[in-house]
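Working notes, beginning with the structure itself.
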Amino acid sequence: MRSDPLTRRLPRTALTLLLAAVLAAALLTAAGAGAPRAAAVPDPAPAAAAVQTWADEFDGPAGSAPDPARWTVETGGSGNGNNELQYYTNSRANAALDGNGNLTITARRNTDTSLRCWYGSCQYTSARLNTARTFTQAYGRFEARIKIPRGQGIWPAFWMLGNDLGSVGWPNSGEIDVMENIGREPGTVHGTLHGPGYSGAEGIGAGYTLPGGQAFADGFHTFTVNWSPNSITWYVDGNAYQTRTPADLGGDRWVFDHPFFLVLNLAVGGNWPGSPDGSTSFPQTMTIDHVRVSTSDGGPVPASGPIRGIGGMCVDVAGGATADGTPIQLHDCTGNVAQQWSLPGDGTVRALGKCLDVSGGSTADGAVVQLWTCNGTNAQKWVHTAARDLTNTGSGKCLDAKDNSSADGTRLQTWTCTGGANQKWTVG
């Protein structure tokens with residue numbers, strides 16, 4: 001791959017405009033584009049054993065827009081730092097249901113002279129969709145059944161980004177590329193991990209090539225990852241072709257320990273695939289039959305989402321700040337990133353890339369609860385009980401809304417567990 005890995009991936013507006021749906025651009029490189037690295041192995045996570053947590057089957061009338069309760073449609077023609085040529089629109093000409101249970105994302109030659117791209121008047125339009133506002137999950141099975149387009153300079157992708165992108169930046173947020181294809185490799189797709197120290201051209205991944213000279217654009221194929229706390233396995237049509245673990249990172253940090261959101265896009269041009277040429281015809285369409293997310297083994301999904309307490313108020317990082325020592329409070333639920341928490345299974349409770357922390361590791365009633373860099377201490381270890389207590393294991397005390405208040409801005413503290421309403425919390 002010959003792209004600039006960081007500028008290509010990091011959006012110029014970062015996640016503050018994520019809520020306006022302008023996110024980091026799709027993808028990067030993958031290491032190796034040859035034959036599968038491993039023999040075909042049956043997928044060990046049969047659907048019957050899994051618990052489905054999210055799905056879109058794309059049922060609806062022909063020409064209707066993607067479901068806004070599931071997807072945000074992004075717009076813009078910045079090139080995403082990778083010199084991509086398309087302008088992403090919210091037009092149904094570029095993203096719409098086909099009436100046959102599919103979503104179509106279509107790249108077209110542009111006829112709207114008012115659209116401006118980084119290089120001038122835009123040559124192409126296309127679409128990119130994400131679930132950053134509506135759905136995130138840590139761990140499980142993530143799959144999409146897709147018929148990709150074809151042609152030099154055409155670049156379809158199904159991938160995921162960490163929900164802490166806006167606070168820690170890319171690549172620290174992590175990226176899991178479930179599938180990407182560049183048109184000059186019609187029979188090969190790539191699966192890749194990106195994180196700190198292994199981003200861009202240093203991404204950890206592999207390619208999967210269909211046998212017998214087949215092309216992925218000739219039919220539908222199912223692209224899957226099974227993601228657990230310490231491994232991620234990629235599949236094409238149920239055939240496992242690579243597994244990655246922390247041991248593959250050469251000592252670099254494994255950042256796949258928190259919720260990610262989904263991205264579907266179809267790019268045109270860019271440093272890696274190159275530009276379309278005389279052999280490339282338009283329009284080109286990426287057809288998605290379904291996207292499904294589940295647990296990988298039928299077990300519980302690590303909790304993520306808002307934490308609601310007394311009066312239905314949400315646990316909130318004051319001001320959305322990421323500085324160590326930022327107070328934690330109650331706030332009207334807004335759905336913004338300052339209210340998106342994850343319990344990744346290691347005892348921590350995380351938001352904005354940092355941990356819920358008892359100031360100074362105090363065991364006293366009334367100890368301040370704050371945001372702090374994750375450090376593995378007992379001041380940052382919590383248990384969410386069946387009784388809905390959120391108990392700090394370092395002190396044996398409960399997360400508590402001060403003075404039994406549900407007012408906007410009420411500070412949170414730890415206090416001897418009483419069973420009161422101001423100590424009851426619902427996650428997700």
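What follows is calculated from the coordinates using simple rules that are stated; it is not laboratory data. Not measured: the values here are computed from a predicted model. Cβ atoms come from the backbone with ideal geometry, glycine included; neighbour counts cover every protein chain shown.
Between rounded, prolate and oblate, where does the stretch 275-428 land on the alpha carbon gyration tensor, with a ≥ b ≥ c its root eigenvalues, rounded for a/c under 1.5, else prolate if a/b exceeds b/c? Prolate. About its Cα centre, the stretch 130-280 has a charge dipole of approximately 280 debye under the convention of +1 per Lys or Arg Cβ and -1 per Asp or Glu Cβ, with nothing else charged. Residue separation of Ala364 and Ala65 scaled by 0.36 nm, minus their Cα-Cα distance, works out to 102.3 nm of gained length. Taken over the stretch 187-298, the convex hull of the Cα atoms encloses 142 Å³ per residue. Projecting the Cα positions of Gly197, Asn82, Val358 onto the charge dipole of the chain (unit charges on Cβ atoms of Lys, Arg, Asp and Glu, taken about the Cα centre) puts Asn82 furthest along the positive direction. Considering only alpha-carbon pairs that sit under 8 angstrom and 6 or more positions apart, the relative contact order computed for the chain is 18 percent. Relative to the Cα centre, the charge distribution of the stretch 59-156, modelled as +1 at Lys and Arg Cβ and -1 at Asp and Glu Cβ, gives a dipole magnitude of about 140 debye. Counting every other Cβ atom within 10 Å of each residue's Cβ, Lys147, Lys354 order from fewest to most as Lys147, Lys354. Backbone geometry of the stretch 221-231 corresponds, through the Karplus equation with coefficients 6.51, -1.76 and 1.60 at θ = phi - 60°, to 3J(HN,Hα) couplings of 9, 9, 10, 9, 10, 9, 10, 10, x, 10, 6 Hz, x marking Gly and Pro. Taking 20 Å as the straight-line reach from the Cα of Lys354, the lysines in range (excluding those fewer than 8 positions away in the same chain) are Lys381. Students often forget the sequence filter, so: which aspartates and glutamates lie under 18 Å Cα-Cα from Lys397 once same-chain residues fewer than 8 apart are removed? Qualifying aspartates and glutamates at Cα under 18 Å: Asp357, Asp365, Asp389. Distances between placed amide hydrogens fall under 5 Å for Gly205 paired with Ala31, Leu193, all partners being 5 or more residues away or on another chain. Each residue of the stretch 268-274 was assigned a 3J(HN,Hα) from its phi angle through the Karplus expression (A = 6.51, B = -1.76, C = 1.60, θ = phi - 60°), giving 10, x, x, 5, 7, x, x Hz with x at Gly and Pro. Rg and Dmax of the chain, based on Cα coordinates, read 22.3, 73 Å.
By other beta-carbon atoms within 10 Å, ranking Cys314, Cys333 with the fewest at the front produces Cys333, Cys314. Dividing the summed helix terms, -39500 (n - 2.57) for each DSSP H run of n ≥ 4, by the number of residues in the chain produces a 222 nm estimate of -500 deg cm²/dmol to the nearest 500. Simple rule: put +1 on each Lys or Arg Cβ and -1 on each Asp or Glu Cβ in the stretch 304-427, find the dipole, and look at Ile328, Ala338, Cys398; the Cα lying farthest toward the positive end is Cys398. Taking amide H as placed 1.01 Å from N in the peptide plane, the amide H of Asn336 sits under 5 Å from none that are at least 5 places away or on another chain.
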